[in-house]
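The next block holds one structure in the form of structure tokens; read it before the comments.
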Amino acid sequence: MQRVKLSNLPLFAEEVLAKLAPKNTATVVALSGDLGAGKTTFVQVLGKELGIAETMQSPTYVLMKKYQIANNKFQTLIHIDAYRLNNAEEFVALKPEQFLQDPKTLVVVEWPEKVGAALPKADLTINFSSLAAEEGERYIEVI
């Protein structure tokens, strides 16, 4: 895991976006880590890098938020927080078939382990940890 200062998250988000190659279905990025490890903060920074001007709040209670973007790779960002889901069947209620087939959609899922096989294999997995990190930094691993 590399140590990343929160002030350097925009550069880190740019690097992540550069790793995502177009394909025939939606691009899925899985974010894992404990509560408060920086997953939602990362999605907010990623959204800004994609040109989203509106305030991006955690979808913890609504489970999913959708943002339109004007980017050469993607037109839509779907942010899912699966923390409150108990199983894959609850994920299916979000009707993922409507967005997982769109090659211009970037799907970012926090707590992907909560939805199991209902989510296709992630194109990129990012692990976050605040354990032993100093104030204003996180340990981040891209897989």
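Couple of notes before you dig in:
- DSSP-defined antiparallel bridges as percent of all bridges, the stretch 53-136, nearest 5: 45
- Evaluated at q = 0.15, 0.21 Å⁻¹: base-10 log I(q)/I(0), Debye formula over Cα of the stretch 86-143: -0.57, -0.88
- Annotation for the stretch 1-68 versus the stretch 100-140: alpha-carbon center distance of 8 Å.
- Extension gain, Ala93 to Ala132: 0.36 nm times the residue separation minus the Cα-Cα distance gives 10.3 nm.
- Ranking of Glu141, Glu134 by solvent-accessible surface, largest first: Glu134, Glu141 (1.4 Å probe, protein heavy atoms only, all chains present).
- Residue-averaged 222 nm ellipticity for the chain, from DSSP H runs of 4+ at -39500 (n - 2.57), nearest 500: -5500 deg cm²/dmol
- Quarter the surface of the alpha carbon convex hull of the chain and you get the mean projected area, 8.0 square nanometres.
- Residues in the stretch 24-61 that a label on Arg84 would reach, taking backbone N under 17 Å of a point 7 Å out along Cα→Cβ: 35-36, 40, 57-61
- Pair Ala117, Asp34: separation of 7 Å Cα→Cβ label points (nm): 3.1
- Once C-alpha pairs closer than 8 Å and six or more residues apart are averaged by separation and normalised to the residue number of the chain, the relative contact order reads 37 percent.
- Contour minus Cα-Cα distance for Gln75 and Glu14 (0.36 nm per residue): 20.3 nm
- Normalised contact order of the stretch 37-88, rounded percent, pairs of Cα under 8 Å and 6 or more residues apart: 31
- Rounded, prolate or oblate (a/c below 1.5 giving rounded, otherwise prolate when a/b exceeds b/c) for the stretch 1-64 by Cα gyration tensor: rounded
- Check: the chain dipole with +1 on Lys, Arg Cβ and -1 on Asp, Glu Cβ, in debye: 320
- Stretching the chain fully between Thr125 and Gln2 yields a gain of 42.9 nm (0.36 nm per residue, less the alpha carbon separation).
The values are calculated or read from the model by the stated rules, or taken from the named source; none is laboratory data. Being a predicted model, the structure only gives us computed values, none of them experimental. For neighbour counting, all protein chains shown are included, and Cβ atoms are generated from backbone atoms with ideal geometry for every residue, glycine included. For the accessible areas, the whole protein counts, side chains as well, though only heavy atoms, and no ligand, DNA or RNA atoms are used. Shrake-Rupley method; radii C 1.70, N 1.55, O 1.52, S 1.80 Å.
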